[in-house]
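The block underneath contains the structure these notes are about, expressed in structure tokens.
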Amino acid sequence: MSGAPARTLLLWCPDWPVLAAEIVDGVPATGPVAVLHANRVVACSERARAEGVRRGLRRREAQGRCPQLTVVDHDPARDARAFEPVVAAVEEVVAGVEVIRPGACALAARGPSRYLGGEEAAAERIVEHVAQTCAVESQVGIADGVFAAGLAARDGRIVPPGGTPEFLAGLPVEALGRPTLTDLLRRLGVRTLGDFAALPAGDVLARFGFDGALAHRLAAGRDHRPLAVRQPPADLTVTADHDEPIDRVDAAAFAARTLAEQLHERLAAHGLACTRLGIEAVTAHGQELHRVWRHDGLLTAAAIADRVRWQLDGWLSGSNGRGGARPARPTAGIIRLRLVPDGVLAQAGLQPGLWGETGEERERAHRALSRVQGILGPEAVVTAVLGGGRSPADQVRLVPWGDERLPARPGPPPLPAAEPAAAPERAVSTRSRAAAPVPAPPWPGRIPPPAPAVVLPTPLLAAVHDAAGEPVVVSARLAVSAAPARLTVGAGRPAEIVGWAGPWPVDERWWAPAEARRRARFQVCLADGAALLLAVEGGQWLVEAIYD
């Protein structure tokens, strides 16, 4: 923390959360827009400020000042994703960039100023390049230290070397960005950074603590740490261009093996391994093909080559457009092939089993299913993932083989990845064979265990009658008109009901009339031993699932 602060160039994009919402979500930043966090405005557009909207206002007050205000929820991940192209554009001009926060990045000013002909020329070059590359307006400030450069960027100002303390002295204490400390300093009569910097450092530490001492250093023009520059990510993508279009599977297999070896060597040089592989191809007619392959282990060179070969085989041997099950074949041969390691991690090797190789049968099954996906598409092989929900159908989600097995709703642990599941059009088993289940979160209206063995993809229409032959109805207060005695499914013959339980009411999304759904479920046991899960909604009985 000693020594003079380094000369720093900081690029700042005004109202970045608003711009990020426009880039990612399409919210027009030219209109009145406010980004809210915890019901308070954290950023707003220029037009919103013209209507009186300010940071810190509550949502109701902001909308009262500007009735046409468009409200956007604060999303730090969205801001970071949208800012990454801006940082990449800065790195195309200079090196050694540190991201301060989404919307602001800093770098040492000495190198760019010497290379580009001065600090002012460097600032203009960077701002112009960001505007041309990303269509984003930005401002640059240069001063001694990151803190002072950030304040200078607000006005697009270049502070002369050695003039940072004088520049900071006239700024209000609110520039520290510490509301609690600022309020206390105001009540003590300290109104500018110069007044605060004039206080003895020992007294500041004793009175305001470590954070106050750190703010005191910043007010005096001394940074608390040097720049932590980031290393630009290595380009791991490999590309092969072919003068002669590839339209045969054997030629595609040769190209796949060569390109896979190049990718594996490039990953190994950086100590990385691939877990998710993107395969891109461009045909002679300009058609672009893309597919992502996932793998729960580490893709070796042979595994990468296999997947590329399978994918090219699937593309080149597609259907001829006359109703085949395969995707349509490209209209021309492939002239460019590109492999993108979409998911990488440090290469730590795989632990072999005690009596031999690990998961040979699992790997063989994975290779076979992956080849089917390469020919018929990723949706041709799916697995079931158990989650939460009120109905058995909500508790099962079908995901393509190799994709991340994440439930759509929180619930019990999912099935092991190696277990197969039924195809999408078939009935799906909802019984989990997980060895150590954990308690599921509460779902009001969920049917009690045991879970049904088979969930019907489409519920069957049914009719329930009492002993007198009258239809059984359920009132709004869940009163059953009579005990169910006979069940008729579709056009079938009536079956005697020997036992029943329920109703279990479900009232979903009652706050949204267009999406509201109210129904009640029953469990019934028939004379032939069959057990069914019934639901009544709007006076209509349905068969949802079957127990074994």
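The values are calculated or read from the model by the stated rules, or taken from the named source; none is laboratory data. Since the model is a prediction, treat every value here as computed from it, not as a measurement. All Cβ positions, glycine included, derive from the backbone under ideal geometry; neighbour counts span all protein chains shown. Only protein heavy atoms, including side chains, enter the accessible area calculation; ligands, DNA and RNA are left aside. Shrake-Rupley method; radii C 1.70, N 1.55, O 1.52, S 1.80 Å.
Accessible surface computed residue by residue for the range 244-302, with neighbouring protein chains in place and a 1.4 Å probe, gives 52 Å² per residue. Let's test the formula: R0 of 22 Å, r as the Cβ-Cβ distance of Ala368 and Glu280. What FRET efficiency results, to the nearest 0.05? That pair, Ala368 with Glu280, gives E of 0.35. Only protein atoms count toward the accessible area here, which uses a 1.4 Å probe; on the chain, the carbon and sulfur part of that area reaches 54 percent. In the range 1-149, one over the average inverse separation of all distinct C-alpha pairs is 16.3 Å, which is the Kirkwood hydrodynamic radius. Roughly how tilted is helix 119-134, in degrees to the nearest 10 and between 0 and 90, from the longest Cα axis of the chain? So the inclination is approximately 20 degrees. With a Förster radius of 35 Å applied to the C-beta separation of Phe254 and Thr331, the computed FRET efficiency comes to 0.95. Using the Karplus relation 6.51 cos²θ - 1.76 cosθ + 1.60 with θ = phi - 60°, the per-residue 3J(HN,Hα) values for the range 6-18 come to 6, 5, 10, 10, 10, 9, 10, 9, x, 6, 4, x, 5 Hz, with x marking Gly and Pro. Can you give the angle from 0 to 90° between the axis of helix 301-316 and the longest principal axis of the chain, with both taken from C-alpha atoms, to the nearest 10? Around 70 degrees separate the two axes.
Amide H contacts for Arg409 (H built 1.01 Å from N in the peptide plane; partners 5 or more residues away or on another chain; cut-off under 5 Å): Gly388.
Take the Cα of Arg81, go 7 Å toward its beta carbon, and the backbone nitrogen atoms of the range 99-116 under 19 Å from that spot belong to 101-104.
Placing pseudo-labels 7 Å out from each Cα toward the beta carbon at Ala463 and Ala516 gives an inter-label distance of 3.0 nm.
Residue separation of Arg49 and Ala476 scaled by 0.36 nm, minus their Cα-Cα distance, works out to 148.7 nm of gained length.
Placing +1 on the Cβ of each Lys and Arg and -1 on the Cβ of each Asp and Glu in the chain, which of Leu272, Ala453, Leu57 has its Cα farthest towards the positive end of the resulting dipole? Ranked along the dipole, the leading option is Leu57.
Sparse packing (at most 14 other Cβ atoms within 10 Å of the Cβ) combined with a DSSP loop state is found for the following trypsin sites (Lys or Arg not before Pro) in the range 477-548: Arg477, Arg509.
Counting only Cβ charges, +1 for Lys and Arg and -1 for Asp and Glu, the dipole size of the chain around its Cα centre is about 1260 debye.
Taking 1.567 mPa s as the viscosity and 4 °C as the temperature, the Stokes-Einstein diffusion coefficient of the range 478-548 based on its alpha-carbon Kirkwood radius rounds to 98 µm²/s.
At most 11 other Cβ atoms within 10 Å plus a DSSP loop assignment makes a site exposed; report the longest stretch of the chain without any exposed chymotrypsin sites (Phe, Trp or Tyr not before Pro). Spell out each step's value before the answer.
Working: sites that count: Trp355, Trp510, Trp511.
Within the chain, the longest run free of exposed chymotrypsin sites (Phe, Trp or Tyr not before Pro) spans 1-354.
Loop-located GluC sites (Glu not before Pro) in the range 460-548 (DSSP state other than H, G, I, E, B) with a sparse environment of at most 12 neighbouring Cβ atoms within 10 Å: Glu515. Using only Cα atoms and rounding to the nearest 10 degrees, what angle (0 to 90) does helix 360-376 make with the longest principal axis of the chain? Once rounded, one gets 90 degrees.
With r as the distance between the Cβ atoms of Ala268 and Ala4 and R0 = 35 Å, compute the FRET efficiency 1/(1 + (r/R0)^6) and round to 0.05. Mind showing how you got there, number by number?
On the way: r = 43 Å, r/R0 = 1.24.
Efficiency, from the Cβ-Cβ distance: 0.20.
Remark: the Arg101-His37 segment gains 21.4 nm on full extension, using 0.36 nm per residue and subtracting the alpha carbon distance. This model, with +1 at the C-beta of Lys and Arg and -1 at the C-beta of Asp and Glu, gives the range 480-548 a dipole about its Cα centre of some 180 debye.
Using the rule -39500 (n - 2.57) for each DSSP H run of four or more residues, divided by the residues of the chain, the 222 nm mean residue ellipticity is -9000 deg cm²/dmol. Stretching the chain fully between Arg225 and Val498 yields a gain of 90.5 nm (0.36 nm per residue, less the alpha carbon separation).
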